[in-house]
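Student: Below are the structure tokens for one structure; questions will follow.
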Amino acid sequence: MNNLMHASVMVVVVLLTGCASFREMKTQRDVLAARLTVTEDRVQSLEKDKAGLQRQVDHLSGMTNVLEREKTERIKETTDVRGEVRGYIRDQVENLREFSQARQLMDYIGSEILERAAIEGEGVLLLDVKHRLPADAILLGARLFARAPTRVAVCIARPHDKGYIVVWRSNDFPVEASGAIDLTFDTPIAAQMGDLIGLYTASTVQVPSDIATGDVRPVRLNPAPGKLIEKHALPRNTGRTCSFGVVGFLE
């Protein structure tokens, strides 16, 4: 009898335990189902956001392509306009130079343009220490005497505590004939009182010189804006005079 009662109690306990486990599993299932629903809703929301962001990316990409095309066209247009303006200014400067030369209106700073005794040196900068600009000036071009075809560049050097600083250099000018040569700068150049004028050639110097009362110092230097010509790099004054100078308007 006792065994039967004990067995009945065990059955009841098992059934109650099974019911509790079933309710717990059902609760967990409901929780998981709710979480799944929330996750699915979140996924759908993210998919919508992704689609919206992709549309924005496509829109911005299209705008970028349009802006790049417009930028390229604007750069081309600006380059063309700058070329036209530079050409116009160059023509005006040339006309002004010719007009001023014809009426001897321009100022000249430098040595006399004539044949001289010798030419010497190769790849040197001829720095005219004697003919400093006596005032601020607008320079339009240069003059020189050449014995043979060559290429030259004009530069401006400004006094510095340690020597001279190259503040401007022209493009190389092809000199295709001998004799007195006039050069015109692409644009007017503003120079300051006390600036020195230099003439550079990478090949054999074809500008003649002689020993007189000048002070042209030959320096083995390829001048570039910002380059320092140190005092100790300058040779001593030997009275060298060279046939070159600049033209423009002194203030």
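We did not get these values from a lab; they are worked out from the coordinates using the rules stated. Just so we're clear, the structure is a prediction, and the values are computed from it rather than from any experiment. Here Cβ is always computed from backbone atoms with ideal geometry, including for glycine, and neighbour counts include all displayed protein chains.
Student: Which of rounded, prolate, oblate describes region 88-170, given a ≥ b ≥ c as roots of the alpha-carbon gyration tensor eigenvalues and a/c under 1.5 marking rounded, otherwise prolate only if a/b is larger than b/c?
Tutor: Here region 88-170 falls in the oblate category.
Student: Quick one: plug the Kirkwood hydrodynamic radius of the chain (C-alpha pairs) into Stokes-Einstein at 4 °C, 1.567 mPa s, and report D in µm²/s.
Tutor: Details: Rh = 24.7 Å.
The calculation lands on 52 µm²/s.
Student: Sticking with this structure for a sec: Suppose the chain between Ala118 and Asp41 were pulled fully straight at 0.36 nm per residue; how much longer would it get relative to their current alpha carbon spacing?
Tutor: Values: separation 77, 0.36 × 77 = 27.72 nm, distance 9.49 nm.
Full extension of this stretch gives 18.2 nm more.
Student: Ok, one more. How far is helix 2-102 tilted, in degrees, relative to the longest principal axis of the Cα atoms in the chain, given as a value from 0 to 90 rounded to the nearest 10?
Tutor: 10 degrees
Student: Further question: Along each principal axis of its Cα atoms, how long is region 107-250 end to end? Whole angstroms, biggest number first, please.
Tutor: 36, 33, 25
Student: Order these by the 10 Å Cβ neighbour count, fewest first: Ile109, Ile211, Ile156, Ile165.
Tutor: With the fewest neighbours first, Ile109, Ile211, Ile156, Ile165 line up as Ile211, Ile165, Ile109, Ile156.
Student: Taking H placed 1.01 Å from N in the peptide plane, check which residues at least 5 places from Phe244 or on another chain put their amide H under 5 Å from its amide H.
Tutor: Long-range HN contacts for Phe244: Ser111.
Student: Which far-off residues, 5 or more places away or on another chain, put their amide H under 5 Å from the one on Ile165, with H placed in the peptide plane?
Tutor: Under 5 Å from the amide H of Ile165: Arg158, His160, Ile229.
Student: Next question, about the same structure. Sum up the lysine pairs in the chain that clear both bars: alpha-carbon distance under 20 Å and a spacing of 8 or more or different chains.
Tutor: 4
Student: Follow-up question, since we're still on this one. So how do 27-36, 235-244 stack up, highest first, on mean other-Cβ count within 10 Å?
Tutor: Highest to lowest by the protection proxy: 235-244, 27-36.
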